Amino acid sequence: MGRLYLSDHEIAAITAIDTNAVREGVRHALDEGGASALRSLHLSATGENIGHHLNRFERDLAAHTKAKAAPKRKETWSRAWDSGQDLIYAVHSAKERAEKQQVETQLLFIDDQIRPPYRFSDRVEVDVHYRWRGRPEDPWNFGTIAFFHDVDLSRDYTVPQPARKLSRAKAEAQREATLFDRWDHLRMLALDAVREYLTTGGDASLIPKRYEAKPDRNDRHLNNFSCDFWEAIGEPRGRRRPPARLSEQLLPTSASQASTPDGLLTLDARVRHKMFGDGVVTHIEGDKIVADFGDRGSKRVMASFVELITDRENG
């Protein structure tokens, strides 16, 4: 089942990755035909997505190594190059996701560990628990919204029917499987809806206690808009607001430290962030910094997610 959040273990593993080392490891693997340099980076510990791309790159690299004819070597090298670039992109994406999560969860958190019921009825229901606060030093507020949907299990004559009537046991097993699929779909739609509302500046205190998910008018199934509960509080269904600048709510008011614990970053140091561009460090608090990124505004980010711009680069 899908999750909204990375685990603490995954975040630690992703944060520890040196993206330059990954890029260099991919280049070295393509030149030498072996991925030993990448294995030493422990990429598999970062979660399924990066591990999937690493395995694919290794398979394509092995196919290239075995190829003998020139056309085949050209084809397999191209495929290995593509999968190597996909691996690099997956690492960048994972780092962005980890950083966004670390910012987001200081102000809001949605419990995505929702277990299915022991047995299902035709009405599937999902309770989403969440908490929120205005600033990291504020106490948490807690809320719950229950999404429910009455599943239409009437026979669909547009799909082929079995030649024989199913036994009672098989029919019940098929019913349970169908209801689980509908419940799991409702679960992900519900989680995404609550997260979207909260991360786009919605007032958490206005979230209703219950909401009936609306099926599509054409096929009776839930769609991406089915859990847009904000219509119940007077906002138009299907509205999309720009993401709230959560990082600006996290700007500290305490006195700054002179440098990060490792001494690599100091006040007024110029840094580069993959998403926000070049900026100047204005505040340091442990392993987190605030940097002014010009038009992008001030952002509070992990120090490990920025690179120091040296005098040589400035020159």
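The values are calculated or read from the model by the stated rules, or taken from the named source; none is laboratory data. On a predicted model such as this, the values are computed, not experimentally measured, just so you know. A quick note on method: Cβ atoms are made from the backbone with ideal geometry, for glycine too, and the neighbour counts reach across all protein chains shown. Accessible surface areas use protein heavy atoms only, side chains included; no ligands, DNA or RNA. Shrake-Rupley method; radii C 1.70, N 1.55, O 1.52, S 1.80 Å.
Here is how the numbers come out for the structure above:
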{"item": "From Ala37, Ala13, residue being in a helix (DSSP H, G or I) and in contact with a Ser or Thr (Cβ under 7 Å, 6 or more places away or on another chain)", "result": "Ala13"}
{"item": "Filter pass, Glu96 being charged (D, E, K, R), at pLDDT below 90, outside any loop (DSSP other than H, G, I, E, B) and closer than 30 Å to Leu189 by Cβ", "result": "yes"}
{"item": "Subset of the range 216-228 (residues that are buried (at least 17 other Cβ atoms within 10 Å of the Cβ) and out of contact with any Lys or Arg (no Cβ under 6 Å at 6 or more places or on another chain))", "result": "Leu222, Cys227"}
{"item": "The range 126-139 - residue that is outside any loop (DSSP other than H, G, I, E, B) and free of Cβ contacts under 8 Å to residues at least 40 places away in the same chain and, of those, surrounded by the most Cβ atoms within 10 Å (Cβ to Cβ)", "result": "Arg131"}
{"item": "Top-ranked residue in the range 187-215 [being farther than 16 Å from Arg3 by Cβ and of a type in the set (A, V, I, L, M, F, W, C); ranked as most open to solvent (accessible area, probe 1.4 Å)]", "result": "Leu206"}
{"item": "Residue in the range 109-116 that is buried (at least 17 other Cβ atoms within 10 Å of the Cβ) and either among the small types (Gly, Ala, Ser) or under 20 Å from Lys288 (Cβ atoms) (or both) present", "result": "yes"}
{"item": "Any hit, the range 73-93, residues being open to solvent by less than 50 Å² (accessible area, probe 1.4 Å), in contact with a Phe, Trp or Tyr (Cβ under 9 Å, 6 or more places away or on another chain) and aliphatic (A, V, I, L, M)", "result": "yes"}
